There are 2 protein chains.
Amino acid sequence: MMIIQTIQEMQQKTAQYRQQGKSIGFVPTMGYLHEGHAALLKKAREENDIVVLSVFVNPLQFGPNEDFDRYPRDMERDEKIAKASGVDLLFYPSVTEMYPRPLSVQVAVKERVDVLCGKSRPGHFDGVATVLTKLFHIVMPTRAYFGMKDAQQVAVVDGLIRDFHFPIELVPVPTVREADGLAKSSRNVYLSPEERKEAPALYAALQKAKRAIENGERNPSAICALVEDYIQTYTHGIIDYVEVYSYPDLQPLQKISGKIIIALAVRFTNARLIDNITLDVES
Amino acid sequence: MMIIQTIQEMQQKTAQYRQQGKSIGFVPTMGYLHEGHAALLKKAREENDIVVLSVFVNPLQFGPNEDFDRYPRDMERDEKIAKASGVDLLFYPSVTEMYPRPLSVQVAVKERVDVLCGKSRPGHFDGVATVLTKLFHIVMPTRAYFGMKDAQQVAVVDGLIRDFHFPIELVPVPTVREADGLAKSSRNVYLSPEERKEAPALYAALQKAKRAIENGERNPSAICALVEDYIQTYTHGIIDYVEVYSYPDLQPLQKISGKIIIALAVRFTNARLIDNITLDVES
């Protein structure tokens, strides 16, 4: 595995691979890798000649009240996981390498942002889309891998790739779960033992909603109410949101039909958990 | 010459050329081609294996008070000029091909816009940078050609390519001029015979400023005053602006030094003319 810190070297490397006709799978991350990232790398490894992992904590996607400096970092551990996952190139640029001066251009995300978690993080997805535009041009991948845990991010990246015609295939990777259904997250360690026992109810609530839809329920409000009731009955968590939208357009629905997402965020004492499922519903 | 109207076909074509190791020169235009465009095509033809011309009147770069519908179009003539210029691929998409639905992402230009012509056209360069981002991904050129007549556009494109790391070489092409120095423009036909006789004074004023700088003048205000005086003495035009900035950053200067631009806009009865020169000034 080669560790690359400059944009120029990275562009040269990947240009060589493309000239050789090699496919490049790209997993962009902010580091502090966990099993969710490992699942992305595994899929990228299976589907491509070359796997590129980027580790870059992107200041542009942090809000003024979000702590960029305190975001966890552990490069030594990340390197080990990257090696074990068969990564060929680890791109690890500094902030000054990526932002040597004020940007003269940025990507503004106009759709798919004022819902779900984006509602409470204005500008967050602008920062995500801007750094991805830079990284996509630096790595020029054949395929880019993103976890469905952050389904809104996948929707924004889908819009970015489609509307700007990036010649890149977006590969969404299913959420990795514990045996009891809880979505894996570095935040799960902040749950109290009792909260950890309750937390699988989030996914169970989504599964209950899925069954209700399979049994003919088509009213989005009824689905949200069902999920909320379940979470309120089986956990002490405080519901941030439970929402149903078309996917990946993230438009409100009068009636459940087509590709949809049911997404939720629930606050426990020291951790806010998110989860979602997407379904393809016959009319 | 092949005329291509769909994004998909264009991406397939240019991907083939790249796989064959061919260099692609790209000239993006809004059509109604004149000698300025022909100069871009000539240079692109000299420097590349394949020349791609796009003709697309981009609604996104027109303001609410600018008349997109009345922008002149003449596809038959454009085709003839393209053929005569040795164009290989003419990309001529419809508005619905380029904008089939509301864009979920756009490029926001943050620097180099609130000066010169950009000052009076808010959002114009956002529209330019957005359509170029799309076109760059559709054509994936080796080199892209822009005329220095619109020096601010060249500066914005320079920022776009540099900050987003497009693997594209920007080639600025000098302004094409009449024998008497007047910059060629489709707007020159709107000048009265008397105004046409006066109009070369714009370039003459810029040349006078150049000589003053060569003779040691380093005060930007003095240079602007000199240009304004000359234009007011020798024409009946009304000065919109005469400005001096660093180039391509378009930052104000305390003292003339390094790469700079002197740019002006002058309103005649039925035509607003722009012109500029760039200089590399020793400190």
In nm, the gap between the two label points placed 7 Å beyond Cα toward Cβ at A:K83 and A:Q254 is 6.0 nm
Taking the label point 7 Å from Cα along the Cα-Cβ vector, the copy-to-copy distances for B:Q20, listed from shortest in nm with one decimal, are 2.5
Restricted to the protein assembly as shown, the DSSP antiparallel beta bridge percent, nearest 5, is 55 percent
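Leaving ligands, DNA and RNA out of it, report the carbon-plus-sulfur percent of the accessible area of region B:1-115 at a 1.4 Å probe.
Result for region B:1-115: 46 percent of the exposed heavy-atom area is carbon or sulfur.
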Projected onto their principal axes, the Cα atoms of the protein assembly as shown stretch, largest extent first, over whole-Å spans of 86, 51, 45
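Taking 25 Å as R0, compute the FRET efficiency from the Cβ-Cβ separation of A:D229 and A:Q207 and round it to 0.05.
0.95
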Residues whose built amide H sits under 5 Å from the amide H of A:V173, excluding neighbours closer than 5 in sequence, are A:F146, A:G147, A:M148
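Any idea of the accessible area per residue across region A:2-173, 1.4 Å probe, to the nearest Å²?
Details: 7180 Å² over 172 residues.
Normalised by residue count, the accessible surface of region A:2-173 is 42 Å².
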Here region A:50-65 yields Karplus 3J(HN,Hα) values (6.51, -1.76, 1.60; θ = phi - 60°; whole Hz; Gly and Pro given as x) of 10, 10, 10, 10, 10, 10, 8, 7, 8, x, 5, 9, 9, x, x, 9
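About its Cα centre, what dipole magnitude does the protein assembly as shown give when the only charges are +1 on Lys and Arg Cβ and -1 on Asp and Glu Cβ, stated in debye to the nearest 20?
I would put it at about 560 debye.
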Quick calc, A:E214 & A:R101: beta-carbon distance into FRET formula, R0 51 Å, rounding 0.05, result 0.40
Once A:K210, A:K259, B:K13 are ranked on solvent-accessible area with the largest value leading and a 1.4 Å probe, the list reads A:K259, A:K210, B:K13
Longest principal axis of chain B (C-alpha) makes with the long axis of helix B:151-163 (C-alpha) an angle, in degrees to the nearest 10, of 50 degrees
For the rotation taking chain A to chain B, the chain A residue with the nearest C-beta to the axis, plus the distance in whole Å, reads A:A108, 2
Per the rule of 0.36 nm per residue minus the C-alpha distance, extending A:A179 to A:I238 adds in nm 18.9 nm
For chain B, the Kirkwood Rh over every pair of distinct alpha carbons, in Å, works out to 20.0 Å
By the C-alpha gyration tensor axes a ≥ b ≥ c (rounded if a/c is under 1.5, else prolate when a/b exceeds b/c, else oblate), the shape of region B:164-216 is oblate
For B:V105, other-chain or 5+-apart residues with amide H closer than 5 Å (H placed, Pro excluded) are A:K110
Across all Cα atoms of region B:86-176, Rg and the largest Cα-Cα distance (Dmax), in Å, are 13.7, 38
When the charge dipole of region A:2-173 is computed with +1 on Lys and Arg Cβ and -1 on Asp and Glu Cβ about the Cα centre, the Cα farthest towards its positive end, among A:L132, A:A15, A:S104, belongs to A:A15
Expected output for region B:95-119, residues with a loss of 30 Å² or more in accessible area relative to the chain alone at probe 1.4 Å, reads B:R101, B:L103, B:S104, B:V105, B:Q106, B:A108, B:K110, B:E111
For chain A, the longest principal axis of the Cα atoms and the Cα long axis of helix A:35-47 enclose an angle in degrees, to the nearest 10, of 60 degrees
The long-range amide H neighbours of A:Y241, using H built 1.01 Å from N in the peptide plane and a cut-off of under 5 Å, are A:A265
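Relative contact order (percent) for region B:2-173, with alpha-carbon contacts under 8 angstrom and 6 or more residues of separation?
29 percent
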Sorting from shortest, the nanometre distances separating the label point of B:K110 (7 Å past Cα along the line to Cβ) from those of the same residue in the other copies are 2.0
FRET efficiency (B:Q5, B:S186; Cβ distance; R0 35 Å; to 0.05) is 0.90
Distances in nm between the label point of A:N65 (7 Å along Cα→Cβ) and its equivalents in the other copies, shortest first, are 3.9
Of the listed pairs B:K110/B:K255; A:K110/B:K83; A:K83/A:K119, those with alpha carbons more than 31 Å apart are A:K110/B:K83; A:K83/A:K119
tail above 16 Å in the computed P(r) of region A:186-278, as % of all Cα-Cα pairs, reads 51 percent
dims of region B:58-114, Cα set, principal axes, largest to smallest, nearest Å -> 38, 25, 23
Of the listed pairs A:K13/B:K43; B:K42/B:K149; A:K22/B:K42; B:K13/B:K184, those with alpha carbons more than 24 Å apart are A:K13/B:K43; A:K22/B:K42; B:K13/B:K184
Rounded to whole Å², per residue accessible area for region B:186-281 with a 1.4 Å probe reads 50 Å²
As a percent rounded to 5, the proportion of antiparallel DSSP bridges among beta bridges in chain B is 50 percent
Note: A vs B interface, total accessible area buried (1.4 Å probe; ligands, DNA, RNA excluded), nearest 100 Å², is 2700 Å²
Once phi for every residue in region B:90-96 is put through the Karplus expression 6.51 cos²θ - 1.76 cosθ + 1.60 (θ = phi - 60°), the whole-Hz ³J(HN,Hα) values, with Gly and Pro written as x, are 9, 8, 9, x, 7, 5, 6
Quick calc, chain A, dipole around Cα centre from Cβ unit charges on Lys, Arg (+) and Asp, Glu (-), nearest 20 debye, gives 320 debye
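The values are calculated or read from the model by the stated rules, or taken from the named source; none is laboratory data. Please read all numbers here as calculations on a predicted model, not as lab measurements. Cβ sites come from the backbone with ideal geometry, for glycine too, and all protein chains shown count toward neighbours. Ligands, DNA and RNA are stripped out before the accessible areas are found, and what is left, the full protein with its side chains, is counted by its heavy atoms. Shrake-Rupley method; radii C 1.70, N 1.55, O 1.52, S 1.80 Å.
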